[in-house]
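Student: My structure is below; once you've seen it, I'll send some questions.
The values are calculated or read from the model by the stated rules, or taken from the named source; none is laboratory data. Every value quoted in this text rests on a predicted model; they were computed, and no experiment measured them. Neighbour counts are summed over all protein chains in view; Cβ atoms, including those assigned to glycine, are modelled from backbone coordinates with ideal geometry.
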Amino acid sequence: MSLAVCTVSHTPLMTRNEPAPGVRDRVEAAFAEARAFIGDFAPDVVVVLAPDHYNGFLYDMMPPFCIGTEARSVGDYGYEEGPLQVDRDLAHTLASAALAAGIDVAVSERMHVDHGFTQPLTLLFGGIAAVPTVPVFINSVAEPLGPVSRARLLGDALGRAAAGLGRRVLFLGSGGLSHDPPVPALAGATPEVAERLISGRNPTREQRAEREKRVTAAAREFAAGTLPLQPLNPEWDRALLDVLASGRLEELDSWSNESFVEQAGHSSHEVRTSIAAYAALAATGPYVVTQSFYEPIPEWIAGFAVTTARTA
Ligand SMILES: O=C(O)CCC(=O)/C=C/C=C(\O)C(=O)O
Ligand SMILES: [Fe+2]
């Protein structure tokens with residue numbers, strides 16, 4: 001077994017808002033089970049597939065995909081700031097393989113990443129630089145987005161390349177299922193917000209704190225039913241998890257971008273990271289899902305899943 005998969009939802013609200021009694025314990029148990037799976041698999045390197053939330057990737061240059069040959073966390077939502085332990089050679093190898101397969105990935109020699117990368121690295125490995133990684137950015141937030149099939153094909157290309165390395169590679173997908181947290185959009189933005197989305201890198205500590213406070217407050221109101229964000233959609237989430245477990249990933253190609261937004265909210269596009277992770281594993285043959293935890297958690301604005309899978 002040279003490849004394995006772990007996918008986890010992320011939510012910056014996990015450290016800010018308390019969910020209903022029992023939820024946090026169940027989520028922590030799910031992470032403990034995933035850590036045990038990863039411990040057994042003992043990866044040599046972890047390919048982290050994650051989106052960004054206008055911290056590292058802005059509209060001054062917004063690629064659909066980017067592989068970091070070096071990467072640094074911006075330190076949002078209280079997660080560690082500083083360098084990840086990037087396997088440069090493997091990052092170059094995977095970027096070349098994706099390009100050779102016809103997937104137009106960008107490459108960054110100085111990628112900036114946010115909680116999308118740092119939260120799963122922290123919860124699963126204990127720190128942002130605890131394991132050798134290849135960070136792969138999958139745009140899931142900044143419209144326009146390509147079709148979902150492109151994320152599947154990216155995963156397929158990365159999986160084929162990784163399988164030939166003679167190393168144990170974990171594909172770690174980071175991103176929620178149905179959810180529509182208050183992430184700003186360029187369409188209809190005020191000039192001030194538009195400027196921030198185009199080139200608002202490195203906000204001041206006060207600006208970042210203000211933003212994080214706003215998102216935290218919105219989640220509390222959403223959970224209390226006083227803020228009409230798009231509802232979570234457990235039915236959609238379970239259907240998606242079923243497709244991932246079935247191995248019939250091509251079925252997702254017919255899910256239009258509009259249907260994601262209508263049924264599961266704008267940020268449901270973050271499941272592109274899970275689709276890519278599963279496609280990487282599928283590239284080496286049939287697989288089995290060994291863990292599939294799911295709960296809708298309104299206090300975190302998250303259809304929240306933790307899954308693991310290995311070669312059958
Ligand atoms: O610029 C902002 O205000 C961004 C808000 C933000 O970062 C929200 C993030 C939410 C998630 O990552 C999520 O629920 O997936
Ligand atoms: Fe997110």
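Student: Have a look at 28, 18 and point out the one that is at negative phi, acidic (Asp, Glu) and either under 21 Å from the mean Cα position of the chain (by Cα) or within 14 Å of ligand 1 (Cβ to nearest atom) (or both).
Tutor: Details: 18 fails: either under 21 Å from the mean Cα position of the chain (by Cα) or within 14 Å of ligand 1 (Cβ to nearest atom) (or both).
So the residue among 28, 18 that is at negative phi, acidic (Asp, Glu) and either under 21 Å from the mean Cα position of the chain (by Cα) or within 14 Å of ligand 1 (Cβ to nearest atom) (or both) is 28.
Conditions (1) within 16 Å of ligand 2 (Cβ to nearest atom); (2) loosely packed, with under 14 Cβ neighbours inside 10 Å; (3) within 22 Å of the chain's Cα centre (by Cα), marked per residue:
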position: 190; (1), (2), (3): no, yes, no
position: 198; (1), (2), (3): no, no, yes
position: 215; (1), (2), (3): yes, no, yes
position: 219; (1), (2), (3): yes, no, yes
position: 223; (1), (2), (3): no, no, no
position: 234; (1), (2), (3): no, no, yes
position: 248; (1), (2), (3): no, yes, yes
position: 255; (1), (2), (3): no, no, yes
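Student: Could you please let me know if residue 52 is loosely packed, with under 14 Cβ neighbours inside 10 Å, touching a residue at least 40 places away in the same chain (Cβ under 8 Å), within 16 Å of ligand 1 (Cβ to nearest atom) and in a loop (DSSP other than H, G, I, E, B)?
Tutor: Values: loosely packed, with under 14 Cβ neighbours inside 10 Å: no; touching a residue at least 40 places away in the same chain (Cβ under 8 Å): yes; within 16 Å of ligand 1 (Cβ to nearest atom): yes; in a loop (DSSP other than H, G, I, E, B): yes.
Spelling it out, it is not the case that residue 52 is loosely packed, with under 14 Cβ neighbours inside 10 Å, touching a residue at least 40 places away in the same chain (Cβ under 8 Å), within 16 Å of ligand 1 (Cβ to nearest atom) and in a loop (DSSP other than H, G, I, E, B).
Every residue, every condition in (1) at pLDDT 95 or above; (2) buried (at least 18 other Cβ atoms within 10 Å of the Cβ); (3) not β-branched (Val, Ile, Thr), yes or no:
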residue: 70; (1), (2), (3): yes, no, yes
residue: 81; (1), (2), (3): yes, no, yes
residue: 86; (1), (2), (3): yes, yes, no
residue: 92; (1), (2), (3): yes, no, yes
residue: 104; (1), (2), (3): yes, no, yes
residue: 109; (1), (2), (3): yes, no, yes
residue: 145; (1), (2), (3): yes, yes, yes
residue: 154; (1), (2), (3): yes, yes, yes
residue: 158; (1), (2), (3): yes, yes, yes
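Student: Can residue 123 be described as in contact (Cβ under 8 Å) with a residue 12 or more places away in the chain and more than 15 Å from ligand 2 (Cβ to nearest atom)?
Tutor: No: the conditions fail for residue 123.
Student: Search region 47-92 for residues being of a type outside the set (Phe, Trp, Tyr), away from ligand 2 (no atom under 15 Å from the Cβ) and closer than 20 Å to residue 278 by Cα, and hand back the single one that is farthest from the chain's Cα centre (by Cα). Can you show your working first?
Tutor: Of region 47-92, the ones of a type outside the set (Phe, Trp, Tyr) are 47-53, 55-56, 58, 60-64, 66-76, 78, 80-92.
From the residues that got through so far, the ones that are away from ligand 2 (no atom under 15 Å from the Cβ) too are 47, 58, 60-64, 66-72, 75, 78, 80-92.
Okay, now just the ones that are also closer than 20 Å to residue 278 by Cα, so 47, 64, 66-67, 90-91.
Numbers: 47: 11, 64: 14, 66: 13, 67: 14, 90: 20, 91: 18 Å.
The selected residue is 90.
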